[in-house]
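Notes to accompany the following structure.
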Amino acid sequence: MHIFLSHWSGDRWVAKKLAEAIEGCGATTFLDCRDVDHGDDFEERIVEEAHRAEELAVLLTPHALARHYVWMEIGGFWFLRKRVVIIRYGVDAELIATNERIPILIKRSITVELNEIDDYLERVRERCRVGGYEI
């Protein structure tokens, strides 16, 4: 199982820790700050990895809310009909429900607070087992 992690570049330390936790469940991850090399075509790598990944995990922070790439990645995964998981950090569920700029796709989703990430990780672990991805 391959999971694409979307995040604001200023949250890369947290995103790297999240990638490590997901990888500990048996999945692989794509994290642009770690997996895009100098000289790579950034946008091309994003598109390649979006097609390769089974799901998108979005680290949604106050700064990420204002980043076009985060919304572009969410839209791309939605268009590809792939799972989009919103992991909130510093963004409460009420803000998501009431902010008119947040798309209905996100409002309809069951989001997870980063401090309660263990349930999501257990579900990733189970999907890896069921899908035969377990390491």
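Scanning region 1-10 turns up at least one residue that is of a type outside the set (Val, Ile, Thr), closer than 20 Å to LEU105 by Cα and surrounded by fewer than 22 Cβ atoms within 10 Å (Cβ to Cβ).
Can you find a residue in region 41-49 that is within 20 Å of ASP11 (Cβ to Cβ), touching a Ser or Thr at 6+ places or on another chain (Cβ under 8 Å) and touching a residue at least 24 places away in the same chain (Cβ under 8 Å)? Looking for residues that are within 20 Å of ASP11 (Cβ to Cβ), touching a Ser or Thr at 6+ places or on another chain (Cβ under 8 Å) and touching a residue at least 24 places away in the same chain (Cβ under 8 Å), one finds none in region 41-49, hence no.
Kindly provide the set of residues from region 1-44 that are of a type in the set (Asp, Glu) and closer than 20 Å to ARG129 by Cβ, ordered by number. Result: GLU20, GLU23. Selection of first residues in region 18-30 that are free of Cβ contacts under 8 Å to residues at least 40 places away in the same chain and of second residues that are of a type in the set (D, E, K, R), restricted to Cβ pairs under 8 Å at least 6 apart or on distinct chains, gives the following pairs, ordered by first then second residue: ALA19/ARG34; THR29/GLU23; PHE30/GLU49; PHE30/ARG52. Please specify each residue of region 113-135 satisfying the condition of being touching a Gly at 6+ places or on another chain (Cβ under 8 Å), among the β-branched types (Val, Ile, Thr) and either open to solvent by less than 40 Å² (accessible area, probe 1.4 Å) or outside any loop (DSSP other than H, G, I, E, B) (or both). The one that is touching a Gly at 6+ places or on another chain (Cβ under 8 Å), among the β-branched types (Val, Ile, Thr) and either open to solvent by less than 40 Å² (accessible area, probe 1.4 Å) or outside any loop (DSSP other than H, G, I, E, B) (or both): VAL124. No other residue among ILE74, ILE22, ILE86 is buried (at least 19 other Cβ atoms within 10 Å of the Cβ) and in a strand (DSSP E or B) apart from ILE86.
Would it be correct to say that ASP32 is touching a helix residue (DSSP H, G or I) at 6+ places or on another chain (Cβ under 8 Å) and either modelled with pLDDT under 95 or surrounded by fewer than 16 Cβ atoms within 10 Å (Cβ to Cβ) (or both)? Yes: the conditions hold for ASP32.
A single entry from ILE102, ILE46, ILE110, ILE106 fulfils the requirement of being more than 12 Å from the chain's Cα centre (by Cα), buried (at least 17 other Cβ atoms within 10 Å of the Cβ), at pLDDT below 95 and part of a loop (DSSP other than H, G, I, E, B): ILE102. Restricting attention to region 103-133 and to residues that are of a type in the set (A, V, I, L, M) and in contact (Cβ under 8 Å) with a residue 12 or more places away in the chain, the residue that is nearest to HIS2 (Cα to Cα) turns out to be VAL124.
The values are calculated or read from the model by the stated rules, or taken from the named source; none is laboratory data. Note that the structure is predicted; figures quoted are calculated from it, not measured. Glycine gets a Cβ as well: all are built from the backbone with ideal geometry, and neighbour counts include every protein chain shown. Ligands, DNA and RNA are stripped out before the accessible areas are found, and what is left, the full protein with its side chains, is counted by its heavy atoms. Shrake-Rupley method; radii C 1.70, N 1.55, O 1.52, S 1.80 Å.
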